[in-house]
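The next block holds one structure in the form of C-alpha cells; read it before the comments.
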Amino acid sequence: MKGNKGKGVFAVFAVMVIFLVAILIFAHNSKSERGYYRLIGVFPNSAGLSQGQEINCLGQKIGYIKKTELQVLYRRVVVTMLIENKTRIPMGSTLEVNVNSLLGNKSLAIIPPKDSLVDAFCQPNDTLPGKAPATLTEIQNQASALIDTITDKIHQIDISGLNQTVKTFQHAASQIDTAIGDLRPQLDSTIYNANQLITTYRQAGGKIETTIATIDSLAHKGSKSLDSLPALLQKSDSAANAIKTFFRGLNRFFKFHD
C-alpha cells in the first residue's frame, strides 16, 4: 500500500517537473520572440541554412532564423523566420540564400517585388517562397552551356572575311608609312627654315634693341642741347648789342672828324 502511495507521489512530482519545464521553455520562447513576428519560408532544400543565421532585406538586418524543419514527405525544408515588428514585408516578396564569404557563411535575404506600388504586406505566419542557390552540378551545366554557345559563335565567324579585313588594314598601314616617308624631307626642310627664321628674328631683335638704345642716347643729348639753348641765345644777343654799340661809336667818330 505504501509502495503504491510512493509511486503516486513520484508520478505527481514528475508531472509537476515536466509542467514547470514546459512553462519555462514557453516563457523563454516568448521572451526571445518579443519584438518580432513569424514568417515561414519554403525551400526545395536546406541550402546550408541553420538556426540563428541573419535575415536581411536590401542589405539591412531585419531578423534571424528561428529554426529549420525538414519535411521529407513534401520534399521541402520549412524555415521559421523572426522579423522585427517595425519591418513590414510586402506581399509577393521572395527568399534568396546569399553566400557572404569564401568560407561559405550564408544569410537569408528577403527580395521585395519589383512593383514599388505594392500596398499589401505580409501578416504573421504568412509563407514566402524560397530559391536555393545553384548547386555545383547546375553551375557546371551552365558553364558548359555557355562554352558551347561561345564555341558555336566562333565557328560561325567568317574566317576568310576576317583575314581580308586584316590584309586591308595592313595595306592601309603600309600606305601611311610610305606617305610619311615621302613627307619626311619636306617636314625636315620646313623645320630647318623655321629654325633659321627664328634665329634671324632673334638677331634682328638684338639690332633693334641697339638702335633703340642709340636713339635714347641721342634724345638725351638733344634734350641737354635744348636746355642750354636759351643761355646761348642770351649770349648771342649780348654780342650783337656790343657790335651795334661799336659801329655806332665808330660812325659818330667819323662824323665828328668830317
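Average projection, convex hull of the Cα set of the stretch 35-139: 7.3 square nanometres. Under a 5 Å amide H cut-off, with hydrogens placed 1.01 Å from N, C122 pairs with I89, M91 among residues at least 5 apart or on other chains. A simple rule links phi to the HN-Hα coupling: the Karplus curve 6.51 cos²θ - 1.76 cosθ + 1.60 with θ = phi - 60°, which for the stretch 73-81 gives 4, 9, 6, 7, 10, 9, 10, 8, 10 Hz, with x for Gly and Pro.
Applying 1/(1 + (r/R0)^6) with r as the Cβ-Cβ distance of K67 and Q156 and R0 = 45 angstrom yields a FRET efficiency of 0.25. Rounded to the nearest Hz, the phi-derived 3J(HN,Hα) couplings of the stretch 239-251 under the Karplus curve 6.51 cos²θ - 1.76 cosθ + 1.60 (θ = phi - 60°) are 5, 5, 5, 5, 5, 4, 5, 4, 5, 5, x, 5, 5, where x marks glycine and proline.
Taken one residue at a time, the phi angles of the stretch 52-63 give Karplus couplings (6.51, -1.76, 1.60, θ = phi - 60°) of x, 5, 6, 10, 10, 9, 6, x, 10, 5, 10, x Hz. Gly and Pro are set to x. Each of R76 and K131 was given a label point 7 Å from its Cα along the Cα-to-Cβ line. The distance between the two points is 1.7 nm.
For E33 and T94, FRET efficiency with R0 = 35 Å and r from the beta-carbon atoms, rounded to 0.05? Working shown, then result.
Working: r = 24 Å, r/R0 = 0.67.
Efficiency at R0 = 35 Å is approximately 0.90.
Remark on L95: its backbone amide H falls under 5 Å from those of I111, G130, K131, a criterion applied only to residues 5 or more positions apart or on other chains, H modelled at 1.01 Å from N.
Counting only residues at least eight positions apart within a chain, or on another chain, the aspartates and glutamates with an alpha carbon under 19 Å from that of K114 are E96.
Only Cα pairs under 8 Å and 6+ residues apart enter the sum, and on that basis the relative contact order of the stretch 47-132 stands at 28 percent.
Coordinate-derived values only; no laboratory data. Note that the structure is predicted; figures quoted are calculated from it, not measured. Heads up, the Cβs are rebuilt from the backbone with ideal geometry, glycines too, and the neighbour counts pull from every protein chain shown.
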